[in-house]
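The next block holds one structure in the form of structure tokens; read it before the comments.
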Amino acid sequence: MAANFPHARHVFLSLPGHGSAENRLIPSFDLESLVEDALEGLRAQVEDLSEVRLALVGESTGALILARLSHRLKQPPAFMVLGEPPMTNGETMVEVRQELVQSSKEAFVRLREDLFGFHDQSQRNFHNHFLSLPCTTVLAYGLLRTSGEGFITSIIRADDIEQLHDAPRLITIGFQGRGHRVLQSQASHLASMVKGMMLGDPELVANHSLLLKPQVPF
């Protein structure tokens, strides 16, 4: 994003218990609490959120948080790029669940309990946060389903995407041979696509749903 938008200001957020915020925890790790924490982080770095056009970029849990956060902003974002947000806590989350269960970090324990409900086997569905997004949003997901390594397999199923088919302002992109870290692995492609969208290139936004091979440039 920095290479394609060199004049933009770039603000980085860390989830509680993650990255630079590893030692910072919040009372609850449910979705609304995580969204409020992210909003506070934005407000601490951006003087007046109502006076700027934000481009929100996030992956995995961060993508889910930003999708929900976008509804809380008085000024809608200019656009969003979201990579592999969790849609449910179901069978595609097996590897994520194993990773969280094996970790003793308090933040991961709280995530698996408060956000994903793994402790009580309750069913969680997050599709509704993507059905009426306030801005044009690119949702990228991997199509790799089998792997011997953790966090490679995609956590999004075909029926997850089908449930989003009629969502306005949402462009879904499936990358062959990629899994959960699709935003990281396809960053340059997605940034180029966003730049084309911002320049009004109709060919890049002609289709609601795209299937791309990573080797093929835009």
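Evaluate the following for L82: is it of a type outside the set (D, E, K, R) and modelled with pLDDT of 90 or more? Taking the combined requirement at face value, the residue satisfies it.
Taking the condition of being part of a helix (DSSP H, G or I) and of a type in the set (A, V, I, L, M, F, W, C), how many residues in the range 3-46 meet it? The total comes to 8.
Only one residue in D166, D160, D114 is surrounded by 13 or more Cβ atoms within 10 Å (Cβ to Cβ) and more than 24 Å from S33 (Cα to Cα), so which one is that?
Details: D166 fails: surrounded by 13 or more Cβ atoms within 10 Å (Cβ to Cβ); D114 fails: more than 24 Å from S33 (Cα to Cα).
Result of the check over D166, D160, D114: D160.
If I filter the range 47-69 down to residues being of a type in the set (G, A, S), assigned to a helix (DSSP H, G or I) and modelled with pLDDT of 85 or more, which single residue comes out as farthest from the chain's Cα centre (by Cα)?
Going residue by residue through the range 47-69, those that are of a type in the set (G, A, S) are 50, 55, 58, 60, 62-63, 67.
Okay, now just the ones that are also assigned to a helix (DSSP H, G or I), so 50, 62-63, 67.
Subsequent filtering for residues that are modelled with pLDDT of 85 or more retains 62-63, 67.
Details: G62: 5, A63: 2, A67: 7 Å.
Among them, the one singled out is A67.
Is it fair to say R124 is surrounded by 12 or more Cβ atoms within 10 Å (Cβ to Cβ), modelled with pLDDT of 90 or more and touching a His at 6+ places or on another chain (Cβ under 9 Å)? No; evaluated as a whole, the condition is false for this residue.
Using the structure shown, decide if E51 is out of contact with any Phe, Trp or Tyr (no Cβ under 6 Å at 6 or more places or on another chain) and within 15 Å of V11 (Cα to Cα). Can you show your working first?
On the way: out of contact with any Phe, Trp or Tyr (no Cβ under 6 Å at 6 or more places or on another chain): yes; within 15 Å of V11 (Cα to Cα): no.
Answer is no for this residue.
The single condition among (1) loosely packed, with under 13 Cβ neighbours inside 10 Å; (2) of a type in the set (S, T, N, Q); (3) touching a residue at least 40 places away in the same chain (Cβ under 8 Å) that S28 does not satisfy is (1).
Taking the stated definitions as given, is G83 surrounded by 13 or more Cβ atoms within 10 Å (Cβ to Cβ), in contact (Cβ under 8 Å) with a residue 12 or more places away in the chain, in contact with a Ser or Thr (Cβ under 8 Å, 6 or more places away or on another chain) and not hydrophobic (A, V, I, L, M, F, W, C)?
Yes; evaluated as a whole, the condition is true for this residue.
Taking each residue of the range 38-65 that is among the polar types (S, T, N, Q) and looking for partners that are surrounded by fewer than 21 Cβ atoms within 10 Å (Cβ to Cβ) and modelled with pLDDT of 85 or more with beta-carbon atoms closer than 7 Å, six or more apart or interchain, yields Q45/V11; S50/K74; S50/Q75.
Report yes if F108 is of a type in the set (F, W, Y) and assigned to a helix (DSSP H, G or I), otherwise no. Yes; evaluated as a whole, the condition is true for this residue.
Where strands (runs of 3 or more DSSP E) fall wholly inside the range 136-218, the ranges with 2 or more residues that are at pLDDT 85 or above are 137-142, 170-175.
Condition (residue is closer than 28 Å to S192 by Cα, among the basic types (K, R) and buried (at least 16 other Cβ atoms within 10 Å of the Cβ)) applied to the range 50-69: is it met by at least one residue? Talk me through it step by step, then tell me what you get.
The first filter runs over the range 50-69 and keeps only residues closer than 28 Å to S192 by Cα, leaving 50-69.
Within this subset, residues satisfying the condition of being among the basic types (K, R) are 53, 68.
After this cut, where a residue has to be buried (at least 16 other Cβ atoms within 10 Å of the Cβ) as well, the list is 68.
For the range 50-69, residues closer than 28 Å to S192 by Cα, among the basic types (K, R) and buried (at least 16 other Cβ atoms within 10 Å of the Cβ): present.
The values are calculated or read from the model by the stated rules, or taken from the named source; none is laboratory data. Treat the numbers as computed from the prediction; the structure is a model and nothing was measured. Here Cβ is always computed from backbone atoms with ideal geometry, including for glycine, and neighbour counts include all displayed protein chains.
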